[in-house]
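The values are calculated or read from the model by the stated rules, or taken from the named source; none is laboratory data. It should be emphasised that the depicted structure is a prediction, and the values quoted were computed from it without experimental measurement. Glycine also receives a Cβ, built like all others from the backbone with ideal geometry; neighbour counts cover every protein chain displayed.
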Amino acid sequence: MTTTGTTTTIALVTGATQGLGLETVRRLAGLGWTVWLGARDLTQGARLADELDGDVRPVQLDVTDEASVTSAARTVEAGSGRLDVLVNNAGIAGTHAGPRETAPDDFLPVFGVNVLGPVRVTHTFLPLLDRSAQPRVVMVSSGLGSLAITNDPSRLESTLHVLVYPSSKAALNMITTQYARSLPGYQVNVVDPGYTGTALNGFTGTQTVQEGTEAVVAAATLEPGAPTGTFTDRAGALPW
Ligand SMILES: NC(=O)c1ccc[n+]([C@@H]2O[C@H](COP(=O)([O-])OP(=O)(O)OC[C@H]3O[C@@H](n4cnc5c(N)ncnc54)[C@H](OP(=O)(O)O)[C@@H]3O)[C@@H](O)[C@H]2O)c1
């Protein structure tokens, strides 16, 4: 792998118009990085980028839209020449219906964003990540994607009986370990932000976005040689 351009770290965060994604952009830009703020609505993204300190650049990016993701990769290539850190953050909750009430079609929008989205973006940006001296991919998953945690009666996650969102994050966990095992020289890790007050949960989450982005930022800023294929929250390793 080769490094092109300056030594500044170049990052892209998907779904960065609010919540954990926006806070991740703010924090990574605060490190002096160049951060591409992925937004479905470019006007909104440009306004947010203007409001943040540092080198924050808006890019139109809908993770469900092949043309949008391809165009975003062209924009990042033209502006930065490579990508060092991809944060696949965009996600939606979908139906809260219980298993008995859930129909197959209920999976489609959520899997489109939470599963196919990170695969589409990662697949499209791999050529730019290949140009990095230390390519890192951070998948933003959930404790709800853990079979161990959702079956542990001591955990809050075990009280939720829902098919769609948890299975989308379980799929993302598996996708992460498959990428990690097949991309030598990469650090591909998956994180659980923890229950954080954002629009995703109607601001019922108990953590601040600062707390919720701790694991995201830790995985984005790993030292060279740090592990790949891990699942962590801000307290450390999590069971799959
Ligand atoms: N909050 C929690 O407690 C919690 C816990 C565990 C995991 N997570 C995960 O953390 C991530 C961020 O969630 P959040 O809590 O910050 O939620 P949020 O505040 O609702 O933000 C979600 C972001 O995803 C974007 N998005 C939705 N669909 C998109 C698409 N098709 N293409 C691109 N962007 C899209 C939204 O953009 P618009 O503004 O355009 O809608 C928004 O910027 C998600 O993956 C979520 O599953 C959250």
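Kindly indicate whether any position in segment 159-180 is within 24 Å of LEU31 (Cβ to Cβ) and polar (S, T, N, Q).
yes
Report, by residue number, each residue of segment 107-133 that is part of a helix (DSSP H, G or I), surrounded by fewer than 16 Cβ atoms within 10 Å (Cβ to Cβ) and away from the ligand (no atom under 16 Å from the Cβ).
Listed by number, the list holds a single entry, PRO127.
Restricting attention to segment 45-59, does a residue exist that is surrounded by fewer than 22 Cβ atoms within 10 Å (Cβ to Cβ), at pLDDT below 95 and more than 18 Å from VAL115 (Cβ to Cβ)?
no
When the residues of segment 135-173 are narrowed to those that are away from the ligand (no atom under 13 Å from the Cβ) and touching a Phe, Trp or Tyr at 6+ places or on another chain (Cβ under 9 Å), which ends up farthest from PHE111 (Cα to Cα)?
Only one residue tops the list, namely PRO135.
If ASN173 satisfies every condition in (1) closer than 28 Å to THR8 by Cβ; (2) under 15 Å from the mean Cα position of the chain (by Cα) but one, which is the exception?
(1)
For segment 191-233, what are the residues that are within 7 Å of the ligand (Cβ to nearest atom) and in a helix (DSSP H, G or I)?
ALA199, LEU200, ASN201, GLY212, listed by residue number.
Here are some residues: THR7, THR70. Which one is of a type in the set (Ser, Thr, Tyr) and within 16 Å of the ligand (Cβ to nearest atom)?
The unique qualifying residue is THR70.
List pairs: first in segment 30-41 and within 16 Å of the ligand (Cβ to nearest atom), second of a type in the set (D, E, K, R) and part of a strand (DSSP E or B), Cβ under 6 Å, 6+ apart or cross-chain?
Hits for this filter: TRP36/ARG57.
When the residues of segment 174-190 are narrowed to those that are in contact (Cβ under 8 Å) with a residue 12 or more places away in the chain and assigned to a helix (DSSP H, G or I), which ends up surrounded by the most Cβ atoms within 10 Å (Cβ to Cβ)?
So the residue we want is THR176.
Within segment 125-160, restricting attention to residues that are polar (S, T, N, Q) and in contact with a Ser or Thr (Cβ under 6 Å, 6 or more places away or on another chain), which residue is nearest to GLN178 (Cα to Cα)?
THR150
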